[in-house]
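Notes for the one structure printed next.
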């Protein structure tokens, strides 16, 4: 293969995968595209480039999203494979990162199957450990078996770059049809439900159903909201219910995605998309983006203007991906004090751990030490990518005095090049390389040997233990004296 050919975009596997999905032979697909079978064969084997005109024709003929031919999905899959194969169970096979990259690019379906198999293996291993603990007399509590459906939903959101234009249009149509007023949004949504759907909204006292914050009874046409919900959360639940009533056709079309492999996944996706619609209603795209630009993404100011909480503002930041009217490309993560990730999305290019713990040097963990305070960090990853990150704790805002109030932290950030657009960068010397904190995706994939917080040996270096010498970490190599 020539040097020129090596530099071509490697889209052949994607074309081949699309052809097989449509159950077409090379002759049949070539005929539809108006090219020769031999030329199609060269494209599929990465010996010819995929011209832009041909790419557009593929998209039109087979209903393919052009983003599917982008490199971001390949990069994410490579990152996930690297993390999965960093498991010590694979140490003996000596797989290189190039092997996994070739697998992700040339055999994407096989790569997805491998990742699904690894997730299943992890779930079963955790189930076995839980069972062993119980048989040993311990009670670690019920194991969460929803990890796989939640991962599939996270992947769905990531594939759509957390932007669903049809739901944005639905939210804007609701504002027009319901003649909503930003100053009386709650009353407007209640009036809309009554006028257009005959649904009555009532507020119920906590009583014996403290765990039920919203209940819809279709036969009674009654929507009940708990008095434990603050006003902003009542608004959100009203908009969520409107989504289930008016956007079900659009939502069903999205959750028909073949990558959602179970009823649980599709159910979680439906809830996530209804939540997306609710966020688009409370924070309309145009006015919200304008406020972001005016206030330079000041979360507290914007939250007060739209009467929503810290997390809702951060989440809405990540959805501003409308073509020609984009906001800053953010990443976002929600994590608890034990390191469990319950929400994640990345438009900035940052990679999150999927199968193991996140790096403890990341400021999202430091946020737990200063509740309610925004922590700022310039984070530099081993590949040289640098991000401007901020983090703050949040509390669940319902439940009453005796309810447990779980503390979580929200991590938000963008590429360092976009940091000037954020008010939080004021006074920070973004050009000073010494201010950057070295951060990794996960210990097993991180090459840094001078980290005092390393919890596992690096996959990149053989573990060498000298009982006579102790370095900053048991797993960090020590420089030997000559």
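Here, each number is a calculation from the coordinates, and none is a lab measurement. Quick caveat: nothing in here was measured; it's all calculated off a predicted structure. We place every Cβ from the backbone using ideal geometry, glycine too, and count neighbours over all the protein chains shown.
How many angstrom lie between the Cα centre of segment 152-215 and the Cα centre of segment 226-271? Computed from Cα coordinates, the inter-centre distance equals 9 Å. With the simple spin-label model, which puts each label point 7 Å out from Cα in the Cβ direction, the residue 450 to residue 426 separation comes to 3.5 nm. When 186, 387, 192 are sorted by how many other C-beta atoms sit within 10 angstrom of their C-beta, beginning with the fewest, the order is 186, 192, 387. Each part gets one Cα centre, and for segment 334-397 versus segment 307-321 those centres are 16 Å apart. Along the Cα-to-C-beta direction of residue 304, a point sits 7 Å from the Cα; which residues of segment 337-374 have their amide N less than 15 Å from that point? Of the residues in segment 337-374, none has backbone N under 15 Å from the label point off residue 304.
So if we plug the beta-carbon distance of residue 87 and residue 200 into 1/(1 + (r/R0)^6) with R0 = 56 Å, what FRET efficiency do we get, rounded to 0.05? It comes to 0.55. Of the residues 437, 98, the one with the fewest other Cβ atoms within 10 Å heads the list, and the complete ranking is 98, 437. Put in line by how crowded their Cβ is, counting other Cβ atoms within 10 Å and starting with the fewest, 305, 234 read 305, 234. Extension gain for residue 263 to residue 48 (0.36 nm times residue separation, less C-alpha to C-alpha distance): 73.3 nm.
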